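What follows is a short report on a single structure.
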Amino acid sequence: MTTSKTAMPKFSMRPATLADLDRLFEIQLDQEGNYMVAFANRDADDRHAFNESWARNLSPERRNEVILVDGRIIGSVGRFMMFEVPSVGYYIDRAYWGKGVATEALKQFLSTEARPLYARVAHDNHGSIRVLQKNGFKECGRDRAFARNRNQELEEIILKLE
């Protein structure tokens with residue numbers, strides 16, 4: 001008996017540009033994805049706030065790349081400062097969850113990043129926690145914060161990559 005494992009889609013990455021914002025906005029409208037992200041600083045459907053956020057993301061002191069599968073943007077990964085420490089985050093179209101794309105994209109992104117790096121994730125976002133752990137992040141703390149996307153206070157896991 002043979003078992004077949006679904007192959008990870010082939011992907012590429014490149015620096016994010018203003019031209020990518022329509023697709024990135026479309027991806028982040030997913031309600032389930034926003035629930036898992038939990039800690040947003042704006043309403044998911046507020047395009048003006050989204051554009052303002054990405055104007056900051058595209059500044060020279062930050063690094064943001066889009067993730068593409070078959071030439072189509074399916075997410076992004078970026079480095080930014082949060083609570084005065086260098087941090088990473090990513091967002092993947094839900095159609096690609098569980099296929100290894102986030103793990104590999106983060107691995108590729110991290111290959112040129114200085115350490116230490118931090119990430120923060122909702123305590124029940126097991127998929128994202130696993131992606132970070134597969135890339136060498138270790139839990140270094142916990143915090144509680146207001147999760148805008150869930151409209152409640154929630155435990156957040158803080159992870160660090162040395």
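One table, with the values for the structure above:
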{"quantity": "Residue order for 17, 112, 103 - accessible surface, 1.4 angstrom probe, largest first", "calculated": "112, 17, 103"}
{"quantity": "Residues residue 146 and residue 115, FRET efficiency given R0 of 22 Å [Cβ-Cβ distance, rounded to 0.05]", "calculated": "0.15"}
{"quantity": "Gain in span if fully extended, residue 18 to residue 31, counting 0.36 nm per residue against the direct Cα distance", "calculated": "2.3 nm"}
{"quantity": "Alpha-carbon gyration tensor eigenvalues x 5, square-rooted, for region 38-96, Å", "calculated": "19, 15, 12"}
{"quantity": "Counted charge near residue 128, where neighbours are those whose Cβ lies closer than 12 Å (Asp, Glu -1; Lys, Arg +1)", "calculated": "+1"}
{"quantity": "Rh by Kirkwood over Cα pairs, then Stokes-Einstein D for region 70-162 at 1.306 mPa s and 10 °C, µm²/s", "calculated": "115"}
{"quantity": "Carbon plus sulfur fraction of accessible area for the chain, probe 1.4 Å, in percent", "calculated": "50"}
{"quantity": "GluC sites (Glu not before Pro) within region 15-105: DSSP coil, no more than 16 neighbouring Cβ in 10 Å", "calculated": "61, 84"}
{"quantity": "Average accessible area per residue (Å²) across region 76-137 - probe 1.4 Å, nucleic acids and ligands excluded", "calculated": "50"}
{"quantity": "Amide proton proximity set for residue 82, modelled H, under 5 Å, gap of 5+", "calculated": "87"}
{"quantity": "Distance between modelled label sites at residue 138 and residue 51, nm, 7 Å Cα→Cβ extension", "calculated": "4.5"}
{"quantity": "16 Å Cα cut-off, lysine pairs counted over the chain (separation 8 or more, or different chains)", "calculated": "10"}
{"quantity": "For region 1-101: span of alpha carbons on each principal axis (Å, largest first)", "calculated": "53, 28, 27"}
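The values are calculated or read from the model by the stated rules, or taken from the named source; none is laboratory data. All figures in this text were calculated on a predicted structure; none of them were measured in a lab. Cβ sites come from the backbone with ideal geometry, for glycine too, and all protein chains shown count toward neighbours. In case anyone asks, the SASA skips ligands and DNA or RNA and just uses the protein heavy atoms, side chains included. Shrake-Rupley method; radii C 1.70, N 1.55, O 1.52, S 1.80 Å.
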